[in-house]
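Structure first, then comments.
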Amino acid sequence: MFTKCIAPLVALTALAASGCLAGAPQTDQESEEGSPGTAAESVVTTAQLLSPLVFDWGFYVASNPNLVAAGINTKAEAESHWIAYGAAEGRQAHRGFHSKQYFDAYPDVVAWCGSATNYPCAIEHFVAHGESENRLGAPFDRSVFNWTWYLDNNPDLRPAGLTTETSAKAHWVANGINEGRQAM
């Protein structure tokens, strides 16, 4: 049991040292260079990580069978793993939110966070801003969105320069949904 608890503690300490967890010290450079509205001053809190908008422990465990294999079976154990590892690894812990998809859909959030792998920042942005801005947390469920089908069945898109998965996703989120375009 002790080793099971010490590993999350080490990872949590690493998150705090990296400045990704609320209460973590910022360097003078970060404090001085960050401007309001940028991730340089933004830090994800435990409450944000465990927000019901981004974390459902049952979904998290069911979607990550390696957790059950590692003996993670309770809400408390799932929460501990998510805070210590899962959020930073970009794992999906809720059907309605996935950091990687959120970044794919919103390049402005990637710019705000400074990196497309700063997954805790994506969580912080969605909980603090994105949900209230009506941004989609996980818009690219394979049962809802197929990027090649989307481009093939919307003939105006390729001539407009949309030829990649990234451009198709960005268009669908920014325009296609509101225009009633089918994506599957």
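The values are calculated or read from the model by the stated rules, or taken from the named source; none is laboratory data. What you see is a predicted model; the values in this text were computed from it and never measured. Note that we place each Cβ from the backbone using ideal geometry, even for glycine, and neighbour counts take in every protein chain shown.
Numbers below:
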item	result
Test: residue in the range 43-56 that is among the small types (Gly, Ala, Ser) and farther than 24 Å from Thr166 by Cα	yes
Some residue of the range 62-74 being assigned to a helix (DSSP H, G or I), touching a residue at least 60 places away in the same chain (Cβ under 8 Å) and surrounded by fewer than 18 Cβ atoms within 10 Å (Cβ to Cβ)	no
Residue within the range 90-99 that is assigned to a helix (DSSP H, G or I) and either more than 16 Å from Phe59 (Cβ to Cβ) or among the basic types (Lys, Arg) (or both) present	no
Ala116 being under 10 Å from the mean Cα position of the chain (by Cα), surrounded by fewer than 19 Cβ atoms within 10 Å (Cβ to Cβ) and more than 13 Å from Leu49 (Cα to Cα)	yes
Selection within the range 62-91 - of a type in the set (Val, Ile, Thr), more than 17 Å from the chain's Cα centre (by Cα) and either modelled with pLDDT of 95 or more or under 19 Å from Val127 (Cβ atoms) (or both)	Ile72, Thr74
Per-region count, the range 137-184, residues modelled with pLDDT under 85 and more than 25 Å from the chain's Cα centre (by Cα)	0
Residue under evaluation Phe97, criteria (1) more than 10 Å from the chain's Cα centre (by Cα); (2) at negative phi, criterion not met	(1)
Residues satisfying the stated conditions in the range 124-137, i.e. among the small types (Gly, Ala, Ser) and surrounded by fewer than 21 Cβ atoms within 10 Å (Cβ to Cβ)	Ala128, Ser132
Scan of the range 49-61 for residues that are among the aliphatic types (A, V, I, L, M), outside any helix (DSSP H, G or I) and under 13 Å from His81 (Cα atoms), ordered by number	Leu50
